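Each value in this text was obtained by applying a stated rule to the coordinates, not by laboratory testing. All values reported here derive from a predicted model rather than from experimental measurement. Cβ sites come from the backbone with ideal geometry, for glycine too, and all protein chains shown count toward neighbours.
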Amino acid sequence: MPTCRRKRVLLTQPSQALLDTINTEQHKEVYYLAQTGEIFETYEAYAARMTFYRMKNFQCEVTGKSGLDYFQALESEQQEARTMHSRFPEPLKAAVLKTVQWQVMGRLDHLVEAVYDRFKDRYYPDEKIIIDVQGDKYFARVVQVFPPRPVHIPSSPEPQASTSASPLSSDDEPIHKIAEDLRIPVKDSVAKDDPNRYYYKVQILEEERQPGATKHAASKSSKQNKFSGSLMDVQCRDMGRDRLAFSKSILRRFIRDCVDREPAVASPWVVKPLIAGRYGVNSVMPEEIRRSVETLKKGESDKRKKVWEDREGPSKRQKKLAAEEERINSQNVVAKALAERREREAKEKEEKSLKAREENERLAAEKKKKKPVRYPTEDLDIMIGDKEKKAGMKMKRPTPSRTAMPFGLDNATNEMFLMTWNFLVVYGSPLHISSFTMDDYEAALRHAVTEPVCPLLAEIHSTLIYNLRTVPSKRHAAVISLTDDEENPEHDKEVLGVSIDELTSALADVGNNWERAPLRHAENREGWEESLVGCLKDHATLENFPEIREILTRLCFAPETPEQPVASSSHTTPAVSPAPDSLDILTIPSTPRERYHQLSPVDKLLVLSFMCNLAVSSKAIHAHMESCEEQLTALRKEKIEVNRSKKAFLEEMAVLTGENGTPKPNGADEDGALHDSSELSDVPGSDVDMDTPSGTPSRKPKENRRKTQAKERELARAKQASVKQALAEHRRLDEEVNKLERRLEGIEREFRKLLGAVRVKPLGRDRFYNRIWWFDGMGAASLIGSGGAVQYGSGRIFVQGPSEHDIDLLIRREENIPARRMEEEGAEGMLAVGEWAVYDELESVDEFVAWLNPKGVRELALKNTLAKWWPHIGPGMRRRAADLAAMAKLPEARRSARMKHPGSDISREPYMLWTNRRASNAA
């Protein structure tokens, strides 16, 4: 049984209420865990148990392997049990199990030692052994066992002669019965039933010769085959077992796998019922053994009780003293001895109470001096105290906006929108499509007029169609799926007023040449709508694209009442544009080119999401991902080299600073010293020696002083030159360090771009496991444009609610997490599982960063990551806000422009001005 923290894992039993309910309600639905056979009434209990089983906290009880989940540990135990049972001698199993049945031993190791000593020299019929004949080893099988005769006549010097005359087989007389009783000491069992007096008739087995064997092995094999099949009589001193079949470790595994024991004191080892029935072991405890076990249990209990009473305080002894006092009084024993004893006990009690009081005071003092918590730690263990509140720490997280998401509260559509935009931008290189902002993508999806044509939609669909031509498909898969579904009685006869027969007839001649149709960039990808329908016909089915019927109906049929074209923009339309013909009956056949732009943004996203999911499996995407992995490895190596060079330069700068002091940019101190010792200080007559006899000045001291001053000036010039050289070297090293730092920044940006093509990761998680996403700078997108200009893709920080697993972690905590979330996030800020919200204002992001607590491991990592990318996050959000402000127009002007000149206002929108610079001109 797998163990968790050294305790066996017990299976969950169904509650009595559930059993009673099943008796009355036989069709009640429950949750069944097939691997363990457990039954749960609620999904929460089932999920909690499965989560517990999937934790890497279990250990294989047989091999001792740790770090496994429950099912891995169980499989390891079963595999080891199968291996052990296949190796352990089958004839020996029943004898060993009968020996250990009802044995009372505290440790399993002691039981294994006792059993091993009894059976190491005793063998049973049909057991495969190894015998020693004239120094050579042979494999053999025990055919018959000859136990020693009862000693009635003097034994012959040759034991073989005494036994061979009239052998006793194992069928005539039981063998090794005395040794199988562990209650008999080993010496007595050997004296009564000596294993050295047994004779065994064995048959030598033929050994298969391995190919490529050596000459010596071949000669040994020939000798083995020479004796193959022959019978001979041997004794235990010439016999042995394979160590892989019988050893203390194998015996220990076998016994532990076959027996069990209750946790009570002095409980006997009991063979498991199924195993006992298989090997004929008695499962009913004999009365004699039962009485001896009860006696042992009582003795152990009394012994432990006595030890426990001795450890108890004076209360137990006081009761004993009272009883002793009554007995002494009743027997008229000397009262003086009793009084002295009482006095002694009272002193002992007082001393112990004093020691207990001192111990409590010491523990209280140690508790006050408890070591402080080492930060960072688990975020939810950190409570904001009064000190932090007074310091101005934010208590409540700024509320991220749900309505500012591209599709408002429609969480599923928002997720599709983010996924498809990220896919198209990240894999822009293999798809041959230039990057575009999230705002342009949203506006393009809301583009609802045929003229002017939206170039962004045409390029996106065309490049995906070119990519899906390399993905295997089934011809007319959608038509076949729709036809098969027509036979289903539960399907709708008509969808939007169109039956399946009418739809398949309309699809018959649309997009059949989509795999070869040239969608040229120079011709504005003309015909991409029909190719899109052809692509959907070959790749989509009702199983992988449930909405395919409705979307194909909208692409091939139009309503009877003409629709008014409505130009849309991401800044003037509501969060979700309603489907134009969601309530109309489509009866007039039309073409995909006329009908595609009338699809709702949600339908367009469904189509793009399906195509992106298919494109992931294409060869171009796989090759690009492998190339990114190789470039990531090269970048990691380059980063190590750049950091090593930077460290070397910094060490050189530290050495220069230490030798010459702090380098000064102009060497002012040295120049000052030079001027003080210049020739300007030599005033005529200042060095005249007036003590000469003649009264004439002496020139010799003046000449010496001039020589000294010249040497000082020479030293000053040399020192100044050295300092200037050190300054120049320091300046050169500083420039090299700056170059390396700029290269490290470039490596980080390239690393983010390449890693985004392999796997997209959030910036981090806050204390409540909300995931923080920033999608800019990944894949084909760049954070810096030509000339160092700031670029953005989304220009926002997205927040995603915790996953179901994270919610389980929050529920398991003891404190009231919902109340804490209500206090620190607010009712509007609490996101459901996987729900999306956004920070689209720089002030909100600043407040969110201020709310993060760096004492927590998750929020510290998130705060460091935000600080690392803040030089790109902040300018990107500011530029997006400036672009939105520049494009803002009055709603009345937009409406009037659309009414007078349809399409004239749309052509100047940013998403209409986008061009694909990566477009491939090949047909």
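Things to note:
- Computed from label points 7 Å out along Cα-Cβ, the spacing between Ala191 and Leu650 is 8.2 nm.
- Theoretical FRET efficiency, 1/(1+(r/R0)^6), r = Cβ-Cβ of Asn643 and Arg918, R0 51 Å, to 0.05: 0.90
- Estimated FRET transfer efficiency (Leu409, Glu543; beta-carbon r; R0 25 Å; 0.05): 0.30
- In Hz, Karplus ³J(HN,Hα) per residue of region 543-549 (6.51, -1.76, 1.60; θ = phi - 60°; x = Gly, Pro): 6, 8, 8, x, 8, 5, 5
- Take the Cβ atoms of Glu300 and Leu274, set R0 to 35 Å, and the FRET efficiency comes out at 0.75.
- Per-residue HN-Hα couplings for region 466-477 [Karplus 6.51, -1.76, 1.60; θ = phi - 60°; Hz; x = Gly/Pro]: 4, 5, 6, 5, 8, 8, x, 9, 10, 4, 6, 5
- Charge context of Lys711, other residues only, Cβ under 12 angstrom, K/R +1, D/E -1: +3
- A cut-off of 5 Å between modelled amide H atoms, ignoring neighbours fewer than 5 places along the same chain, links Ile129 with Ala140, Arg141, Val142.
- Among the listed pairs Lys56/Lys474; Lys390/Lys646; Lys387/Lys639; Lys177/Lys248; Lys604/Lys761; Lys390/Lys639, those beyond 32 Å (Cα-Cα): Lys56/Lys474; Lys390/Lys646; Lys387/Lys639; Lys390/Lys639
- Proxy reagent accessibility, fewest Cβ within 10 Å first, across Leu783, Leu10, Leu464: Leu10, Leu783, Leu464
- For the pair Lys390 and Val760 in one chain, pulling the backbone fully straight at 0.36 nm per residue adds 129.3 nm over the alpha carbon distance.
- Summarising the label geometry, the points placed 7 Å from Cα in the beta-carbon direction at Lys724 and Glu366 lie 7.0 nm from one another.
- Gain on full stretching of the segment that runs from Asn57 to Arg87 - 0.36 nm per residue minus C-alpha separation: 7.8 nm
- Summing Lys and Arg as +1 and Asp and Glu as -1 over all other residues whose Cβ lies under 15 Å from the Cβ of Asp776 gives a net charge of +3.
- Overall Cα dimensions of region 1-144, principal axis frame, Å, largest first: 73, 36, 30
- Distance-filtered residues of region 183-205 - backbone nitrogen under 14 Å, label point 7 angstrom along Ser228 Cα→Cβ: 204-205
- Local net charge near His476, Cβ-Cβ under 9 Å (Lys/Arg +1, Asp/Glu -1): +2
- ³J(HN,Hα), Karplus 6.51/-1.76/1.60, whole Hz, each residue of region 79-89, x for Gly, Pro: 5, 5, 5, 4, 5, 5, 5, 6, 8, 5, x
- As a rough footprinting exposure proxy, the listed residues Tyr427, Tyr769 were ranked by other beta carbons within 10 Å of their own, and the order from fewest upward is Tyr769, Tyr427.
- Neighbour-count ranking [beta-carbon atoms within 10 angstrom, fewest first] of Leu231, Leu608: Leu231, Leu608
- If the segment from Ala34 to Gln709 were pulled out straight at 0.36 nm per residue, it would be longer than the present Cα-Cα gap by 233.0 nm.
- The trypsin sites (Lys or Arg not before Pro) of region 514-560 that DSSP puts in a loop, and whose beta carbon has at most 10 other beta carbons within 10 Å, are Arg516.
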